[in-house]
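Reading through the structure tokens given below for one structure.
Just so it is clear, none of the values below were taken in a lab; they were calculated from the coordinates. Since we're looking at a predicted model, the values are computed, not measured. We place every Cβ from the backbone using ideal geometry, glycine too, and count neighbours over all the protein chains shown.
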């Protein structure tokens, strides 16, 4: 491995890296957070129009933790998001059109209709790929995988860092434990972010762990740990940037706990009946990350309101245009299901009863139509 | 050329591929300084260094997951399960993450997961398993299980060069009992092709791994005692199955016995039987029969293990019944 020296001014006690960002970069942070929220609001509308064919996952109230952390990466670095890190995906170069097509199961979506939502990636060579790796649904699995990605950086002496997100729930998995432990032992350039939003589906944090706080686990793994207000985008950037710089300097793994709150349910169908009354409202009124950052921009940075209004208007135009493109995109052809299980053979053979069969009607039935069989009417309907 | 063992053949394949391709590296528990529980990787740390022969924590999920991540980035990891029984710990990572990666997200996972497998060694319930059926069932994985030293080497080289994940089962009973002379040059055995281990006319035994040798012994006895000409097909690869080779032997002998050391229910014999039924039922003169392990966790005591696992006498008994149908 190429020797890497620690650069002066990187360590704790240095200036607040978030606050030190120039104004145009702070406005970029605002852009990404607002884009995240606006795009998700558009997805809600499409979901209600039944154009999103699967579940919809919101990050309302968590935009700062996703955007602020991923903003600390360089373009050559690789990030693996969790379901509530659409903001991180956008920062890393995923486009609204791609995300809309994914949710709408379009044939020219990044996964050609095979996978849902933000479960898609673009990783490989620096400069040729955007450097994000979509998660899979079993939680914690991306920690070992990102250990492997960053192990490759170390083996090849590449100046690249990995960032992987997990939720408070995923810390209870074996994959999380094995992955961070292995990465720590190997001293890999990996930042592990625990996004503590209070709930894993319906399970509150105190039923997830007996630890007082997740950042305490850093001691057990022998890695650097920090906890920060996840709804303060500049603070999130600050701790993540320092952890990324540590990783880049060869100082190994960091475990960051970002304190935030999940204001929507696990997915759009979830009515949050398990949440104590008033909790969501309190967070919405007092601790919205975008509201907080708007105050910083207006009051401290003296940004004119008109500047933010212009950004908002631009985002609406962009999301409108992306929606038009995504809605017009075709669905996959049924036979495309046979392509690409293996590199060799490149295509699977259909089962004999599908050879030459008319499959044009497949995919037309809506999932909501299931279970409506009426025996009284007899047979198919 | 000198004979080498099945185990040495695997080591030779690893050594040659490490030499040939700088993207190949090894990872596993105790594979470096100690050379592996069975010494398969003995000497490779000294030759290639700790960046390419990596001792890991006891973490099958992390080993397989990290291999997948490295595979995405263009590396070709070969990881060891110290005993293949422990692959169960990585079942999620293999079936949910690795197997689906290419299909769901166009992510290549060129990697080999290898490990000592199988019984007849008094290893007890956790050092004797044949968990291949659980993975054959999963689209996106390839599964090989060689019976000879030549195939162990040639299939390992093919597995390392394959662009998808290959599970490489090594039969520990065969590690030091089976020997062969390696063909000269770059010896690669293609994945997905069965081998005729013995030509015959009267009935066919389809099998793989250690029971290939049991079947060959049974075939000798059946020839000597019953005058039966028995064909033995060594599948070598279990996913994808070599349907052509299976159907060709059915059409040739019209009587088929499927033998495996894996447990009976859900074992690959059921799948092979179904494929024969669907495709060449008219060529059968008798129902397809199976000789397998009992559906029992593998016990330790020799008398118990030998009772549970298929033996030569069981194959002879079943073959006679098949021939007499």
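Remind me, relative contact order of the range A:12-82 in percent, using alpha carbon pairs under 8 angstrom and six or more residues apart? Mind dumping the intermediate values first?
Working: 20 pairs, mean separation 22.4, N = 71.
Averaging sequence separation for qualifying contacts and normalising by length gives 32 percent for the range A:12-82.
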(request) Specify the angular offset, from 0 to 90 degrees and rounded to the nearest 10, of the alpha carbon long axis of helix B:60-72 from the longest principal axis of the alpha carbons in chain B. (result) 70 degrees
(request) Using a 10 angstrom cutoff on alpha carbons, build the Gaussian network for chain B and name the most mobile of B:229, B:117, B:128. (result) B:229
(request) Any chance you could give the angle, 0 to 90 degrees and rounded to 10, that helix A:23-48 forms with the longest Cα principal axis of chain A? (result) 20 degrees
(request) Please give the length that would be gained between residue A:137 and residue A:281 if that part of the chain were fully extended, namely 0.36 nm times their separation in residues minus their C-alpha to C-alpha distance (nm, one decimal). (result) 48.9 nm
(request) Run the quick spin-label model on residue B:122 and residue B:1: label points 7 Å from Cα toward the beta carbon, then report their separation in nm to one decimal. (result) 3.5 nm
(message) Please compute the alpha carbon radius of gyration of the range A:100-143, then divide it by the globular-protein estimate 2.2 N^0.38 Å. Two decimals is fine.
(response) 1.24
(message) Largest first, please: the extent of the C-alpha atoms of chain A along each principal axis, to the nearest Å.
(response) 74, 49, 42
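Would you calculate the convex hull of the Cα atoms in chain B and tell me its volume per residue in Å³?
Details: hull volume 41.6 nm³, N = 325.
With only Cα atoms used, chain B gives 128 Å³ per residue.
Calculate the all-directions average of the projected area of the range B:22-119's alpha-carbon convex hull, and give it in nm². It would help to have the intermediate numbers written out before the result.
On the way: hull surface 24.3 nm².
Mean orientational projected area (the range B:22-119, Cα hull): 6.1 nm².
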(request) Please give the FRET efficiency for residue B:19 paired with residue A:44, using the beta carbon to beta carbon distance and R0 = 60 Å, rounded to the nearest 0.05. (result) 0.60
(request) Compare A:291, A:238, A:344 in a GNM of chain A, Cα atoms joined below 10 Å, and give the one with the largest fluctuation. (result) A:344
(request) With runs of 4+ DSSP H residues as the only contributors, calculate the mean residue ellipticity of the protein assembly as shown at 222 nm using -39,500 (n - 2.57) per run, divided by the residue total and rounded to the nearest 500. (result) -11000 deg cm²/dmol
(request) Answer rounded, prolate or oblate for the range B:3-181, using the Cα gyration tensor with square roots of eigenvalues a ≥ b ≥ c: rounded when a/c is under 1.5, else prolate when a/b is larger than b/c, else oblate. (result) rounded
(message) On a full-extension model of 0.36 nm per residue, what is the gain between residue A:210 and residue A:159, subtracting their alpha-carbon distance, rounded to one decimal in nm?
(response) 14.6 nm
(request) Would you mind computing, in nm to one decimal, how far apart the modelled labels at residue B:34 and residue A:302 are, each placed 7 Å from Cα along Cα→Cβ? (result) 6.8 nm
(request) Quick one: divide the alpha-carbon radius of gyration of the protein assembly as shown by 2.2 N^0.38 Å and tell me what you get. (result) 1.08
(request) Nearest 5 is fine: what % of DSSP beta bridges in chain A come out antiparallel, could you say? (result) 15 percent
(request) For the range B:249-293, just the Cα atoms, rotate onto the principal axes and tell me the three extents in Å, largest first. (result) 28, 17, 14
(message) With the crude spin-label approximation of a point 7 Å out along Cα→Cβ, what separation in nm comes out for residue B:243 versus residue A:344?
(response) 2.0 nm
(message) Beyond 22 Å, how much of the Cα-Cα pair distribution for the range B:195-323 remains, as a whole percent?
(response) 29 percent
(request) Kindly provide the Kirkwood hydrodynamic radius of the range A:28-107 in Å, to one decimal, from all pairs of distinct alpha carbon atoms. (result) 12.8 Å
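Once the mean 1/r over all distinct Cα pairs of the range A:98-185 is inverted, what Kirkwood radius in angstroms do you read off? Provide the component values of the computation, followed by the final result.
Numbers: mean 1/r = 0.0703 Å⁻¹.
By the Kirkwood definition, the hydrodynamic radius is 14.2 Å.
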(request) Give me the angle, in degrees from 0 to 90, between the Cα long axis of helix A:305-328 and the longest principal axis of the Cα atoms of chain A, rounded to the nearest 10. (result) 30 degrees
(request) Would you kindly state how much longer the chain becomes between residue A:313 and residue A:333 on full extension, computed as 0.36 nm times their sequence separation minus their alpha carbon distance, in nm to one decimal? (result) 3.6 nm
(message) Taking 37 °C and 0.692 mPa s as the conditions, I'd like the Stokes-Einstein D for the range A:129-233 in µm²/s, using the Kirkwood hydrodynamic radius from alpha carbon pairs.
(response) 228 µm²/s
